[in-house]
2 protein chains.
Amino acid sequence: MKTKILLKESEMPTHWYNVIADMPNPPTPPLGPDGNPVGPDALAAIFPEELIKQEMSGERWIKIPDEVREVLRLWRPSPLYRAHRLEKMLNTPAKIFYKNESVSPAGSHKPNTAVAQAYYNKQAGIKKLTTETGAGQWGCSIALAGQMFGLDVEVFMVNISYGQKPYRRTMMRTWGAQVHASPTNLTESGRSILAKDPNSEGSLGIAISEAVEIAASRPDTNYALGSVLNHVLLHQTIIGEEAKKQLAMVGEYPDMIFAPCGGGSNFGGIAFPFFADKAAGKKIDLVAVEPTSCPTLTKGTYAYDFGDAIGLTPLMKMYTLGHDFMPPGIHAGGLRYHGDSALISQLYNEGLLSAIAVPQTETFEAGILFAKSEGIVPAPESTHAIAATIREARRCAETGEAKTLLFNLSGHGHFDMTSYDRYFAGELEDYDYPEEAIKESLAHLPKVG
Amino acid sequence: MKTKILLKESEMPTHWYNVIADMPNPPTPPLGPDGNPVGPDALAAIFPEELIKQEMSGERWIKIPDEVREVLRLWRPSPLYRAHRLEKMLNTPAKIFYKNESVSPAGSHKPNTAVAQAYYNKQAGIKKLTTETGAGQWGCSIALAGQMFGLDVEVFMVNISYGQKPYRRTMMRTWGAQVHASPTNLTESGRSILAKDPNSEGSLGIAISEAVEIAASRPDTNYALGSVLNHVLLHQTIIGEEAKKQLAMVGEYPDMIFAPCGGGSNFGGIAFPFFADKAAGKKIDLVAVEPTSCPTLTKGTYAYDFGDAIGLTPLMKMYTLGHDFMPPGIHAGGLRYHGDSALISQLYNEGLLSAIAVPQTETFEAGILFAKSEGIVPAPESTHAIAATIREARRCAETGEAKTLLFNLSGHGHFDMTSYDRYFAGELEDYDYPEEAIKESLAHLPKVG
């Protein structure tokens, strides 16, 4: 029985899928400080024209440039796996499939959009990209992509991850990037945070503020975001498109899809191409999995809020814990984000997507079970999807249901071994739902209009 | 133009290739302390019968058990890459191909034999395996393989690597193995080394002594070796067999093959299946690449010597720097071995294989050039093959020759980023050829008979 379902390079998707074309309602617009919708011009200081077009587009299919596919084929199409050994270990009648996005040189799904963004910026004559990174997967991805197209890259890495994941810094450097621990004193945003807390652990929100501030102030420099925005999720839909083809090759279609959800590119990437079927009447459950310590969809509020911690970005209507919510220092750094993609938030609000939250130790238990059965040691972000899949597979073992489950193995854990080490040492905590902190940060939601 | 040349799971080789069948002379036998050839019985204390049979076999093809192929297909067949971007960066007319063995869950080619060894030991009723590891690639591989077949695993990790590569320890632990920094005070061998030098950096030779000592003293425990022995090289020939098929798919045949060479399983694995053609008259240059700091083939002596540092193993006729030679603490831990495979040594002595030595900084330069062009950050061991390939590709750029070059990308460098860090900091040394140390250790070669 086959373990890996492979596509040929010639079968790599030629177009990205734009979920906006199949949404029941038009997407909520980003708003400026005046409460009016933000036009393309407001974004032109930090993004190239082609990406702004994609951000606003309602076209169902958008062509992937040949130059982008040329780089993606260094690791794409990525393999789809049938998790025979995990199924056996769980003694479940469920069929478990996973899309293995850990095969990229940066070790996660993030280069799918990094390569596209670097390409469009290069075409627009940009010399340098700034960005933020949490666990370092996005920073590595943009460092790799910048190198592939000859762009300089400057990365603001969340302070707690900078300490926890020193090897990621060196990897970014190997691809030629410059890396700072954020907050830094290189920006106004960083200095304002450090003034309040000189030992700040940082957050994705703060790092975004720093990277945006620098990009906005230099004409030859643009900003690249690793998640949240429409064009980022668009570039990730290659994952779900491939998975759909691969499942069809073995005559399968998933009943449920699980993916980690921080800013949403991981989940949107695998789930959106299946949402197209759901919109057409197909029964499928698309489940975003988040940490209980940063429960944006499951415990947040659907409201207009800033994308960053300081308030430099336009307001987006999204599930949010408040832009100044500071998530606990959990080991899935990529999921420590106060908000969520506006597209995912809207569809979730309309009841078309599901979400669950999983505590930290359960995710590591799941990751180790996965490593012991399937071999691959997963990233802490990915273990969220694994934990949710295992819950469902165990449920199936009780009920006897032979459901087909698909999850996104978004990355490997090779740079997260200190986190595993701490798990083994019994040092990982399951943070309680930070009710008071969320209440306080939600009180700071911006007034619209 | 294709980047990856892929085989289907159904095209995975069904047999290993045994080079002994095509050698012009029978292999030199291992000798006991009395100078007489060692029979199968002498090995039975630490190896299962099937592996001893393979060690002695002259059959050309040996069937790969279905249970072994079932585990190998978690990552095999591995992709063959055409290095379009590296070629372009070097502006060379040479065609460069590489076999990507970094795709295994342990990140190197080592699981190819670890899985086979775990299987045969399990079949023989063994409960536990002991082993040594340098950079940790072998230790991870046997931890993974042990887990796949339900065997306990105890790993003696060379002290310098134990410090340099802490993440590998955690990875072994994730797969359920126990790991010690060698030399330990758990064995006579370890204690004798520590008595002389309490801060010993350790070596593969010492770690082997420790693992063998424990396996020999317990009936339910066997020993697993990651390189050097005939059966280990046999299991790695799946690499070269696949590569040959993959090159044929694009109408190519290599003029030269490069692989790192420590104990020889990396080089033997990719080169031996092509040696079969060479023995039949085909022109091909098979090049073992070693570090200048541990130049076994290029500066050693062809003589009977122990495989370990203490003198517990049978004597093998091989190129050696002397069993008590202590190589400098270079970052390619897997290549810090005083000896070499008897099969490779014999063929090299007969002029049928080539060897070159490359200094440490050149290998890191090559590794970074590879990461910047092809994306993948290579293991320090693998950078030896890359450096040699780049030398040849640059030579081709001067002469205009359009040679076809193949190298073995034996592993990724995700657990070696501290080494890259030290390279960037200018802290890596190119050790002079350690002439005096080698002269001294060669003076201790055992007398035979």
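The values are calculated or read from the model by the stated rules, or taken from the named source; none is laboratory data. All values reported here derive from a predicted model rather than from experimental measurement. Note that each Cβ is placed from the backbone with ideal geometry, even for glycine, and that neighbours are counted across all protein chains shown.
Structure notes:
- The single residue among B:F267, B:F274 that is under 24 Å from B:R395 (Cβ atoms) and touching a Cys at 6+ places or on another chain (Cβ under 6 Å) turns out to be B:F267.
- Odd one out for B:T131, checked against (1) crowded, with 24+ Cβ neighbours inside 10 Å; (2) within 12 Å of chain A (Cβ to nearest Cβ); (3) not acidic (D, E): (2)
- Of all positions in the stretch B:412-428, at least one carries a residue that is assigned to a loop (DSSP other than H, G, I, E, B), more than 13 Å from chain A (Cβ to nearest Cβ) and of a type in the set (G, A, S).
- Pairs are defined by a Cβ separation below 7 Å, a sequence spacing of at least 6 or placement on different chains, a first member in the stretch A:399-420 that is under 13 Å from A:N266 (Cα atoms), and a second member that is among the acidic types (D, E) and crowded, with 24+ Cβ neighbours inside 10 Å; the pairs so defined are A:N408/A:E101; A:L409/A:E101; A:S410/A:E101; A:S410/A:E381; A:G411/A:E101; A:G411/A:E381.
- A:G146 vs. criteria more than 13 Å from chain B (Cβ to nearest Cβ), modelled with pLDDT of 95 or more, surrounded by 24 or more Cβ atoms within 10 Å (Cβ to Cβ) and outside any loop (DSSP other than H, G, I, E, B): no
- Annotation for the stretch B:155-164: no member residue is in a loop (DSSP other than H, G, I, E, B) and either within 14 Å of chain A (Cβ to nearest Cβ) or in contact with a Leu (Cβ under 6 Å, 6 or more places away or on another chain) (or both).
- Residues that are over 20 Å from A:P291 (Cα atoms) and among the aliphatic types (A, V, I, L, M) were ranked within the stretch A:372-404; the one that is surrounded by the fewest Cβ atoms within 10 Å (Cβ to Cβ) is A:A402.
- Test result for B:L445, within 14 Å of chain A (Cβ to nearest Cβ), assigned to a loop (DSSP other than H, G, I, E, B) and either surrounded by fewer than 23 Cβ atoms within 10 Å (Cβ to Cβ) or without any contact (Cβ under 8 Å) to a residue 24 or more places away in the chain (or both): no
- Total residues in the stretch A:330-370, condition charged (D, E, K, R) and within 13 Å of another protein chain (Cβ to nearest Cβ): 1
- Any hit, the stretch A:44-51, residues being away from chain B (no Cβ under 14 Å), without any contact (Cβ under 8 Å) to a residue 40 or more places away in the chain, of a type in the set (A, V, I, L, M, F, W, C) and out of contact with any Leu (no Cβ under 7 Å at 6 or more places or on another chain): yes
- Flag for A:E67 being more than 18 Å from B:E70 (Cβ to Cβ) and crowded, with 23+ Cβ neighbours inside 10 Å: no
- Those residues of the stretch A:73-85 which are of a type in the set (A, V, I, L, M, F, W, C) and within 11 Å of chain B (Cβ to nearest Cβ), in sequence order: A:L74, A:W75, A:A83
- Of all the criteria given as (1) at pLDDT below 95; (2) over 23 Å from A:V377 (Cα atoms); (3) surrounded by fewer than 24 Cβ atoms within 10 Å (Cβ to Cβ), the one not satisfied by B:P166 is (2).
- Total residues in the stretch B:5-49, condition in contact with a Pro (Cβ under 9 Å, 6 or more places away or on another chain), part of a helix (DSSP H, G or I) and more than 25 Å from B:L247 (Cβ to Cβ): 3
- Positions within the stretch B:208-253 being closer than 24 Å to B:I310 by Cβ and without any contact (Cβ under 8 Å) to a residue 24 or more places away in the chain, in sequence order: B:S217, B:P219
- Test result for B:Y119, within 14 Å of chain A (Cβ to nearest Cβ) and hydroxyl-bearing (S, T, Y): no
- Of residues in the stretch A:165-179 being of a type in the set (A, V, I, L, M, F, W, C) and part of a helix (DSSP H, G or I), the one farthest from the other protein chains (Cβ to nearest Cβ): A:M172
- Test: A:V115 is at pLDDT 95 or above, in contact with a helix residue (DSSP H, G or I) (Cβ under 7 Å, 6 or more places away or on another chain) and surrounded by 24 or more Cβ atoms within 10 Å (Cβ to Cβ): yes
- Residue-level check: of (1) within 11 Å of chain B (Cβ to nearest Cβ); (2) out of contact with any Leu (no Cβ under 6 Å at 6 or more places or on another chain); (3) farther than 13 Å from B:G375 by Cβ, A:V68 misses just (1).
- Matching strands (runs of 3 or more DSSP E) fully within the stretch B:213-322 where at least 1 residues are modelled with pLDDT of 95 or more and small (G, A, S): B:256-260, B:285-291, B:301-306
- Every pair of residues 6+ apart whose Cβ atoms lie under 8 Å, when the first sits in the stretch A:1-21 and is over 20 Å from A:L409 (Cβ atoms) and within 9 Å of another protein chain (Cβ to nearest Cβ) while the second is among the basic types (K, R) and part of a loop (DSSP other than H, G, I, E, B): A:E9/A:R73; A:E9/A:R76; A:E9/B:K2
- For A:R191, the criteria (1) more than 14 Å from chain B (Cβ to nearest Cβ); (2) assigned to a helix (DSSP H, G or I); (3) surrounded by 24 or more Cβ atoms within 10 Å (Cβ to Cβ) hold in every case but one, which is (3).
- Test for A:N100: is it within 20 Å of the chain's Cα centre (by Cα) and at negative phi: yes
- Of the residues making up the stretch A:38-63, those that are at pLDDT 95 or above and exposed (fewer than 15 other Cβ atoms within 10 Å of the Cβ) are A:E49, A:G58, A:E59, A:R60, A:W61, A:K63.
- Number of residues in the stretch A:256-290 that are among the acidic types (D, E) and surrounded by fewer than 24 Cβ atoms within 10 Å (Cβ to Cβ) equals 2.
- If you go through the stretch B:137-173 and keep only what is in contact with a Ser or Thr (Cβ under 6 Å, 6 or more places away or on another chain) and among the small types (G, A, S), you end up with just B:G139.
- Applying the criterion of being of a type in the set (A, V, I, L, M) and in a helix (DSSP H, G or I) to the residues of the stretch B:134-143, the residue that is nearest to the other protein chains (Cβ to nearest Cβ) is B:A143.
- Selection within the stretch B:371-411 - within 12 Å of chain A (Cβ to nearest Cβ) and part of a helix (DSSP H, G or I): B:A371, B:K372, B:S373, B:E374, B:T383
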